[in-house]
Amino acid sequence: MKGLVLEIQRMSTEDGPGIRTTVFFKGCTLACAWCHNPESISPRPEVQWVGSRCIGCHTCVSACPKKALAAGPDGIEIDRDRCDGCGTCAHECPSTALELLGTSWEVEKLADEVEKDRAWFEQSGGGVTASGGEPALQADFTAAFLETLKKRGISTALDTCGQAGREAYEKILPHADLLLFDLKVMDPSLHKRFTARKNERILENIRFAADFMRRKGAIMWVRTPVIPDFTASDTTISAIGKFIAENLDGAVTRWDLCAFNNLCRDKYKRLGKDWVLGGHELLEKSVMERLADVAKNSGVDPGIVFWSGSTKLET
Ligand code: SF4
Ligand code: SF4
């Protein structure tokens with residue numbers, strides 16, 4: 001059994017308690033307008049061109065067996081309809097200007113790789129987080145990976161957007177010590193407009209997952225991305241808080257409001273995609289503080305509300 005992994009990120013402090021190694025799986029069925037990992041959405045390997053590294057030798061153009069590459073006025077152009085993600089161009093490029101996104105891993109080998117960070121986990125109370133993309137779309141692999149880590153005494157977490165079949169969570173959750181579950185917006189039509197999907201399945205799954213984690217005595221956090229022009233509103237935050245209070249009582253020990261960041265602008269450029277939020281600045285600290293107050297007054301235990309992320313520099 002193999003899993004398609006985008007990236008292994010070490011020394012993460014944002015994906016659960018302590019110092020963590022986060023494995024980003026490839027493939028997601030949502031298409032959030034603000035996605036910070038656009039290279040994780042496709043469930044297939046993809047190639048990206050990093051112009052600043054390119055020396056213009058055009059080795060890649062002749063190496064591509066699908067004739068998917070061409071030298072254009074602004075650099076190497078990729079015909080993504082022709083490209084099958086074989087990786088030949090990335091292998092042949094002498095300056096690492098072409099990168100293949102998505103690597104197949106076997107469970108034991110991936111576990112060996114992340115176990116190299118065991119000392120950090122033990123010193124900090126951290127562990128390994130399966131994130132994405134959406135790891136629940138590779139449920140058999142993710143379940144086997146987390147089970148292997150548990151057998152090796154490593155703490156595990158699943159970070160999910162909730163858009164997967166119930167059976168995926170039935171397979172994975174028994175092997176997760178912590179569940180990080182995204183709630184982005186409650187209104188189904190807004191959810192569809194912002195993410196390309198309605199949220200019925202997500203809400204069904206979070207109720208199931210909360211009940212499962214509660215009975216197991218395990219930890220669950222909810223995370224809400226706070227995005228200008230999308231989710232950064234009193235109405236959205238208040239509605240999410242009401243849902244948590246009425247449906248997830250006793251299961252959720254932390255609700256994080258995660259401030260928008262624009263560091264992924266270049267990722268969209270490298271993939272040849274436009275980004276609707278490319279011109280947006282960071283939010284002001286006062287906005288995050290106000291929304292945190294809204295969250296604390298929404299019906300949840302105020303002690304579970306936190307906000308994080310960079311905000312606009314104040315002058
Ligand atoms: S092989 Fe690499 S360095 Fe040469 S043109 Fe292609 S991307 Fe640029
Ligand atoms: S990944 Fe393969 S098919 Fe795609 S551009 Fe590179 S060489 Fe061509």
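All of the numbers you see were taken from the coordinates with simple rules; none came from a lab. Quick caveat: nothing in here was measured; it's all calculated off a predicted structure. All Cβ positions, even for glycine, are placed from backbone atoms using ideal geometry, and neighbour counts span all protein chains on display.
I'm checking my understanding of the structure. Among residues of region 281-315 that are over 22 Å from the mean Cα position of the chain (by Cα), assigned to a loop (DSSP other than H, G, I, E, B) and not acidic (Asp, Glu), which one is farthest from Ala239 (Cα to Cα)?
Out of the qualifying residues, it is Thr315.
Please go through region 182-223 and pick out each residue that is closer than 18 Å to Tyr169 by Cβ, hydrophobic (A, V, I, L, M, F, W, C) and assigned to a helix (DSSP H, G or I).
Passing the criteria: Ile202, Leu203, Ile206, Phe208, Ala209, Ala210, Phe212, Met213.
Name the residue that is nearest to ligand 2 (Cβ to nearest atom), counting only residues in region 44-81 that are surrounded by fewer than 12 Cβ atoms within 10 Å (Cβ to Cβ) and part of a loop (DSSP other than H, G, I, E, B).
Pro65
Looking only at region 179-196, which residues are crowded, with 17+ Cβ neighbours inside 10 Å and either touching a helix residue (DSSP H, G or I) at 6+ places or on another chain (Cβ under 7 Å) or of a type in the set (A, V, I, L, M, F, W, C) (or both)?
Initial filter on region 179-196 (crowded, with 17+ Cβ neighbours inside 10 Å): 179-186, 190-191, 194-195.
Listed by number, the residues that qualify are Leu179, Leu180, Phe181, Leu183, Lys184, Val185, Met186, Leu190, Phe194.
Within region 86-110, track down each residue that is surrounded by 14 or more Cβ atoms within 10 Å (Cβ to Cβ), away from ligand 1 (no atom under 16 Å from the Cβ) and not in a helix (DSSP H, G or I).
Gly102, Thr103, Trp105, Glu106
Given the structure, is Lys171 among the charged types (D, E, K, R), touching a Phe, Trp or Tyr at 6+ places or on another chain (Cβ under 9 Å) and crowded, with 16+ Cβ neighbours inside 10 Å?
Judged against the criteria, Lys171 is not a match.
Have a look at Lys2, Lys26 and point out the one that is surrounded by fewer than 16 Cβ atoms within 10 Å (Cβ to Cβ), in contact (Cβ under 8 Å) with a residue 60 or more places away in the chain and touching a strand residue (DSSP E or B) at 6+ places or on another chain (Cβ under 8 Å).
Lys2
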